[in-house]
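Novice: One structure coming up, written as structure tokens, with questions to follow.
Please treat every number below as a calculation from the coordinates, not as lab data. Computed from a predicted structure; not experimentally measured. So basically every Cβ, Gly included, is an ideal-geometry build from the backbone, and we count neighbours across all protein chains shown.
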Ligand SMILES: Cc1cc2nc3c(=O)[nH]c(=O)nc-3n(C[C@H](O)[C@H](O)[C@H](O)COP(=O)(O)OP(=O)(O)OC[C@H]3O[C@@H](n4cnc5c(N)ncnc54)[C@H](O)[C@@H]3O)c2cc1C
């Protein structure tokens, strides 16, 4: 008789795992049932801001695969099925669906419930015109609102999702304000001096950026949102989007007795095992090992969710794969400004108890005389004495952002700054100077760390 794998959550981590396990084990050996509470499986949340802003026109493009496509591959993907309980002793889940409630047994269980947008306990949250952006339904609703006509919007939160929504609103002609309680935008991924470049650029695009403002109240008028803030400092709006970050969706796991780690997410080993026989976890709801700090981290990135899901799938499929950890490499853009980072910021380096130096250089994306060349700032952070790269950040025009992958690859393979400074990178005037800005930042960081190159 076939073993049964039940997957809770049908997006990046869950479907990567299910697909990989299916490739390795046929249906008569492993039955796979995926329960997904929403109406979609395998969708691109990452594309949602670009749908809201109208760059992506077809909503269907955000759906990577349909339940029917998974059914055809022998994966029983059931949408509108919410798992409401896990019984580890009896090895079954309780599932609520339009037809009622049922208990479904499992041999193996993958917990891949993702993360949920943080909903602050402030007055005015239920006013008409207050929204979040997490699910495809959220994206469809926001798109319909901006198409119907919005004059002023406030985005609460200066993380990358907040910035992407602000860019989308600006793109469709909405007067947009970003408010954050932090001293800068992107404070978790950029040092303040680099983040300042982003705020300056947003202001130059006409997006208002208000830092150091803690939202304690959303004002309304006749049941509709009127603005953010109810005291002296407030920002009028007829649409408010809260982008205050996300937290791992772990309630079911905690209730069932699946151990959580220090970050509050599900604790897993490098095989995505939870420590309870036959119970696995991957994606936004689970921890990962940070390759620089050496600590567990709970990152909410599609890159991590897809890889961790695939690792779980290989192991569920009878293989033996270990997840190698994360650096937290991320990229986004606002207008034509590209923003990327990898590893630790200066603050995170200090928190990790590491002694580091940093070098920040101003350069250009192409040879300075090339017509399309634009400014680009690179910061490299290296450990004192060893020159081990600990982090890097890039802010600049088109062509700047993806250069972070050079730093990420160097850090991944323990290439110190003094060696990165001499790597054989490509050059032609439309693409870079003869020394790429990555070389220059790495060399400066190495000089500071080692005293010479
Ligand atoms: C607007 C936005 C933009 C983003 N942009 C990027 C980007 O550019 N780059 C990047 O790397 N990452 C990005 N991300 C993050 C990325 O989308 C997530 O990291 C990724 O989707 C995580 O995948 P997951 O499978 O772990 O979780 P999720 O995608 O959250 O999927 C979990 C699924 O589980 C379902 N579920 C939860 N509980 C239950 C239950 N009890 N029963 C049944 N189903 C359940 C949920 O409905 C959900 O579909 C973005 C996220 C958002 C919201």
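Novice: Can you tell me, using C-alpha contacts under 8 Å and at least 6 residues apart, the relative contact order of the chain as a whole percent?
Specialist: Value for the chain: 13 percent.
Novice: Taking 0.36 nm per residue of separation and subtracting the Cα-Cα distance, what length does fully extending residue 28 through residue 188 add?
Specialist: 52.9 nm
Novice: With an 8 Å cut-off on Cα pairs and a minimum separation of 6 or more residues, tell me the relative contact order of segment 297-453 in percent.
Specialist: It rounds to 23 percent for segment 297-453.
Novice: By how many nm would the segment from residue 87 to residue 352 grow when fully extended, if each residue of separation counts as 0.36 nm and the alpha-carbon distance is taken off?
Specialist: Full extension of this stretch gives 91.6 nm more.
Novice: While we're here: Sorted by packing (mean other beta-carbon atoms within 10 Å per residue), highest first, where do 263-273, 225-235, 346-356, 163-173 land?
Specialist: Result, highest mean Cβ count within 10 Å first: 163-173, 263-273, 225-235, 346-356.
Novice: By DSSP, what percent of the beta bridges with both residues in the chain are antiparallel, rounded to the nearest 5?
Specialist: 60 percent
Novice: Kindly identify segment 310-400 as rounded, prolate or oblate by the Cα gyration tensor criterion: order the square roots of the eigenvalues as a ≥ b ≥ c, call it rounded if a/c is under 1.5, otherwise compare a/b with b/c, prolate if a/b is larger, else oblate.
Specialist: Oblate is the answer for segment 310-400, as a/c is 1.5 or above yet b/c matches or exceeds a/b.
Novice: Rounded to the nearest 0.05, what FRET efficiency do residue 205 and residue 320 have when you use their Cβ-Cβ distance and R0 = 51 Å?
Specialist: 0.55
Novice: Another question about this same structure. Find how many whole Å separate the alpha carbon centroid of segment 409-453 from the alpha carbon centroid of segment 6-67.
Specialist: Computed from Cα coordinates, the inter-centre distance equals 39 Å.
Novice: To the nearest 500 deg cm²/dmol, what mean residue ellipticity at 222 nm is calculated for the chain from DSSP H runs of n ≥ 4 alone, each contributing -39,500 (n - 2.57), summed and divided by the residues?
Specialist: -7500 deg cm²/dmol
Novice: Moving on to the next point. At a 10 angstrom cut-off on C-beta neighbours, averaged per residue, how do the peptides 100-111, 52-63 rank from highest to lowest?
Specialist: For the peptides 100-111, 52-63, the packing ranking is 100-111, 52-63.
Novice: What does the highest-first list of 81-92, 308-319 look like by mean Cβ count within 10 Å?
Specialist: The packing order, highest mean first, is 308-319, 81-92.
Novice: Continuing with this model, one more query. Relative to 2.2 N^0.38 Å, what does the C-alpha radius of gyration of segment 125-231 come to as a ratio? Two decimals please.
Specialist: In units of the globular-protein estimate, segment 125-231 measures up at 1.06.
Novice: Take the alpha carbon atoms of segment 188-226, find their center, do the same for segment 93-137, and report the distance between the two centers in whole angstrom.
Specialist: First find each Cα centre; the distance between them is then 28 Å.
Novice: In a solvent-free Debye calculation with one equal scatterer on each Cα, what is log10 I(q)/I(0) for the chain at q = 0.07, 0.10 Å⁻¹, listed in the order of the q values?
Specialist: Here log10 of I(q) over I(0) equals -0.39, -0.80.
Novice: Same structure again: Work out, step by step, the length gained on full extension between residue 97 and residue 414: first 0.36 nm times the residue separation, then minus their alpha carbon distance; give nm to one decimal.
Specialist: Length gained between residue 97 and residue 414: 109.2 nm.
Novice: I need to check one value: relative contact order of segment 102-199, counting alpha carbon pairs closer than 8 Å and at least 6 residues apart, in percent.
Specialist: 19 percent
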